[in-house]
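Here is the structure we will look at.
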Amino acid sequence: MTKKVCIIGGGISGLTTGFLLKRKGLSVTVFEKSEAVGGNIQTIERDGYTIEQGPNSLLKAPRLIDLVRLLNIEDKVIAADENANKRYILADGKLEAMGPKSFINGYFSLNTIFSLIREPFVRTKSPENESVAEFVTRRIGAEFLNKAIDPFVSGVYAGDPTNLSMRSAFPKLYEMERDFGSLIMGTIRRKVEKPDPNFPRTFSFKGGLKTLIEAMANELGDAVKRGVSVENIEQNENGKYIVNGEKFDAVVISTPAFIAADLIKSRDENLAKILAEVNYPQVAVVVFGVKTENIKKQLDGFGFLIPSKEKTTNSWNVVPFGSFPRTLAERFSIADDLRRRSPRGR
């Protein structure tokens, strides 16, 4: 008898789970409370612009490449501009290109350079609950944290490195120190699964990231129940889960943590309390188009990040330059990080 699986939440996690389980022969039902699936991945096409309301690109990884090929959308992949690998940091009101030259152009002090050279000889091990800030300061120093890691963490997580768990946010780096005693030695010695070299490192799709979402939703078809919320999960005497009146053999919760907390409160109060305390910084995306002839300086990178210690009149921390010129011509996009104004967002 075919096993039935209920998936609560039709974002990228829920859709991917449903798609892969269906391929394995299971009967799946995805409940999504809104009419639009994809969660934070939402694409708008307007006036010739492809506008991403959430993430604007993907980095290649073996499992992601496999997913793209399973969905038969590899022909819709668009590689980012070659300059997309270049990143800038705002420092003293000027843009500094990040990379090897950062260590010879004066961006980092000699103390930081020597600390990086000494990194393989730092023998202390990371405590299990060490923060990103504590880890980086211990191994390399405060300047490297403030000038390189802080803006990166703000850009990726909209978070504070002093409050972010190293083991959770950067598990591979945590494991490198644990297994090899050094980040540099770990990078050299660790065997890394290499993605297909013929696949672009940074990419999107024709029509934006919604192409990936729509492909999975189409594969799932009527299994996706849009506009249907789930208020609770029950379990009968036979071990079956009851969701919205239907019986299932298993339930996958792929919602934000605070919603998951409400769903499991009656079954596990301690876990529900932990989930309810997970912080979600509010992030707004502001997109505007600018004619290229009005731009005096060539924009030759993915964008720039702003360290939290940089004195600015706003809280922006990611400014992409439009990395996909074939679909985003004459476009800027600015990701406005509002975490300092609203420390908890839902």
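Rule-based calculations on the coordinates, nothing more; no lab input. All figures in this text were calculated on a predicted structure; none of them were measured in a lab. Note that each Cβ is placed from the backbone with ideal geometry, even for glycine, and that neighbours are counted across all protein chains shown.
For this structure, a couple of remarks:
- In loop segments of segment 67-168 as defined by DSSP, the trypsin sites (Lys or Arg not before Pro) with at most 12 further C-beta atoms inside 10 Å of their C-beta are Arg123, Lys125.
- Unit charges at the beta carbon, dipole of the chain: most positive-side option, Gly9, Asn72, Gly25: Asn72
- Here the contact order of the chain, divided by its residue count and restricted to Cα pairs under 8 Å and six or more residues apart, works out to 26 percent.
- Percent of beta bridges antiparallel (DSSP, the chain, rounded to nearest 5): 65 percent
- Mean projection of the Cα convex hull over all viewing directions, computed for the chain: 20.5 nm².
- Computed log10 I(q)/I(0) for segment 179-256 at 0.12, 0.13, 0.17, 0.20 Å⁻¹: -0.73, -0.78, -0.87, -0.99, from the Debye equation with unit scatterers placed on every C-alpha and solvent omitted.
- Calculated FRET value between Arg201 and Asp262, using beta carbons and R₀ = 41 Å, to 0.05: 0.55
- Charge dipole (debye, nearest 20) of segment 99-189; +1 at Cβ of Lys and Arg, -1 at Cβ of Asp and Glu: 300 debye
- Cross-link pairs Lys4/Lys225; Lys86/Lys210; Lys24/Lys76; Lys125/Lys147; Lys86/Lys147; Lys94/Lys147 - those with Cα-Cα distance over 19 Å: Lys86/Lys210; Lys24/Lys76; Lys125/Lys147
- When the P(r) of segment 99-189 is calculated, the portion above 21 Å amounts to 29% of the C-alpha pairs.
- Student exercise, the chain dipole from Lys, Arg, Asp, Glu Cβ charges, in Debye to nearest 20: 620 debye
- Ranked for footprinting exposure by Cβ neighbours inside 10 Å, fewest first, Arg23, Arg226 give Arg23, Arg226.
- In segment 17-89, the C-alpha radius of gyration followed by the widest Cα-Cα span (Dmax) gives 15.8, 48 angstrom.
- In this rough spin-label picture, where each label sits 7 Å from Cα along the Cβ direction, the Glu231-Asn279 distance is 3.3 nm.
- Per-residue [θ]222 nm for the chain (sum of -39500 (n - 2.57) over DSSP H runs n ≥ 4, rounded to 500): -7500 deg cm²/dmol
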